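I have placed the structure first, in the form of structure tokens, so that the comments after it can refer back to it.
Derivation of every value follows stated rules applied to the coordinates shown; laboratory data play no part. All figures in this text were calculated on a predicted structure; none of them were measured in a lab. All Cβ positions, glycine included, derive from the backbone under ideal geometry; neighbour counts span all protein chains shown.
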Amino acid sequence: ESLLKALDRERSRSDETLSQLAKRRGDMRDGVARVLDANAEQMAAIARAVEASARAQEQLRRDVEQAFSSASRLEELTTDHFKSRAEAQADARAMLTDLQSRCDAEAKQLADADRGARQLESELAAAR
């Protein structure tokens, strides 16, 4: 009879252990699901950042093309309005330098955005 009681106690302990393991497994599944949800959100954020970067790069390309086109047209106009070609070229160079400075500043902003996207990608890779 004491052997039966001991077996019942052992069975109860085993049932409790199995119950605890099942709960832990459920908790782990919930944790994994939360991590996967967070990763999906991070991936979506990265995708949005990459898309924004691509749009900004395309806009910068168009702006640069427009700037050089405008600078070229401005050079033609200034040449017509100034007496000497040397004066017209000096003014056009100054404008081109200014345009280049602005383009450089926009390129730096794009590079910063790209670095941010890469950092997010690194964090996502680390989170996996």
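Some points to look at:
- Were the residues from Asp37 through Thr79 laid out at 0.36 nm apart, the gain over their Cα-Cα distance would be 8.9 nm.
- Calculated Cα Rg over 2.2 N^0.38 Å (choose from (1) 1.77; (2) 1.37; (3) 2.39), label: (3)
- Helix-only [θ]222 nm of the chain, DSSP H runs n ≥ 4, -39500 (n - 2.57) each, per residue, nearest 500: -36500 deg cm²/dmol
- Charge sum, other residues only, whose C-beta stays under 10 Å from Asp63's C-beta, Lys/Arg counted +1 and Asp/Glu -1: 0
- Taking Ser101, Ser12, Ser69 as the candidate residues, the one with maximal mean-square fluctuation in a Gaussian network model of the chain, Cα springs under 10 Å, is Ser12.
- Radius 12 Å from Cβ of Asp30, net charge of other residues (Lys, Arg +1; Asp, Glu -1): +3
- For the pair Glu65 and Asp114, a Förster radius of 22 Å applied to the C-beta separation gives a FRET efficiency near 0.60, rounded to the nearest 0.05.
- Normalised by the number of residues in the chain, the mean separation of alpha-carbon contacts (under 8 Å, six or more apart) gives a relative contact order of 34 percent.
- Most mobile listed residue (Ala113, Ala22, Ala33) in the chain, GNM with C-alpha springs under 10 Å: Ala22
- Comparing Leu21, Leu36, Leu96 in a Gaussian network model of the chain, where Cα atoms under 10 Å apart are tied by springs, the biggest mean-square fluctuation is seen for Leu21.
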